[in-house]
Amino acid sequence: TTNEEKVEMKTSITSSNGGNDQFGVSIYASSLISSDSTDLDISFKNINLKKLTESINKFDFDLFDGHLSGRLNVSFNKLGRVIKSNLDLNVGQGVINFKLPYSKSKTNNLNDAYFSFSFQSANNEININEMSVYHDDFKIAGNGKVEVNFRQSGNIDGFEITLLDFNLQKRDEVILDKSTINMSYDIESASFSFNEITGLLPVGDLKLTNK
């Protein structure tokens, strides 16, 4: 719809294959005539990226096999540059084909997870407002930020990750509490490297520095 002050667009898609495969996506976009920015609001439910990519272009998205639900808000300018965005993400039961830094297994069974992210283009930082993950015998929680590293070509090279107030439990026993973790993730090698870890152990304090 269009009026003298605002342009709006709404659409929704729903599909059901029976059982837990029912999914839906709702999209709302609006832009003030007097503004250079457009606001996009996307809500989604029970999206399985692995099955979706396989059905669209036969691409095998093997990182996570499970259902995602949440809401994404994005503001971008006329050139398509993202000004700011927020993402609330609920992750259902599934399988993570990804080696986590504290787990020996490359395949992890996810029980439940929640993430809240926000992004400001001015500093190329992704804020982790909240995260909680339950998988196998582990539970992790915390917040923090992610700095994006770019190559000269403009492609993303990796990430500098800072986790704050990090808590790690196994079978409801605290392994690490009130921790600050500084680490890097390299996309090419798909690997983490720890720079510094501080926190509280069940007995005593922990401080590890990679120099």
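The values are calculated or read from the model by the stated rules, or taken from the named source; none is laboratory data. Note that this is a predicted model, so its numbers are computed, not measured. All Cβ positions, glycine included, derive from the backbone under ideal geometry; neighbour counts span all protein chains shown. Ligands, DNA and RNA are excluded from the accessible area calculation, which covers all protein heavy atoms including side chains. Shrake-Rupley method; radii C 1.70, N 1.55, O 1.52, S 1.80 Å.
Name the one entry in E125, E147, E160 that is under 21 Å from N73 (Cβ atoms) and either charged (D, E, K, R) or within 14 Å of the chain's Cα centre (by Cα) (or both). Exactly one residue qualifies, and that residue is E125. Just so you know, in the range 124-163 the residues that are small (G, A, S) and farther than 26 Å from V95 by Cβ include one that is most open to solvent (accessible area, probe 1.4 Å), and it is S153. Report yes if some residue within the range 164-181 is assigned to a loop (DSSP other than H, G, I, E, B), on the phi > 0 side of the Ramachandran plot, exposed (fewer than 14 other Cβ atoms within 10 Å of the Cβ) and at pLDDT 85 or above; otherwise report no. Among the residues of the range 164-181, at least one is assigned to a loop (DSSP other than H, G, I, E, B), on the phi > 0 side of the Ramachandran plot, exposed (fewer than 14 other Cβ atoms within 10 Å of the Cβ) and at pLDDT 85 or above, which makes the answer yes. The residue of the range 182-211 that is most open to solvent (accessible area, probe 1.4 Å), among those that are of a type in the set (D, E, K, R) and in a strand (DSSP E or B), is K207. Screening Y134 on (1) modelled with pLDDT of 95 or more; (2) under 18 Å from S116 (Cβ atoms) shows it passes everything except condition (1).
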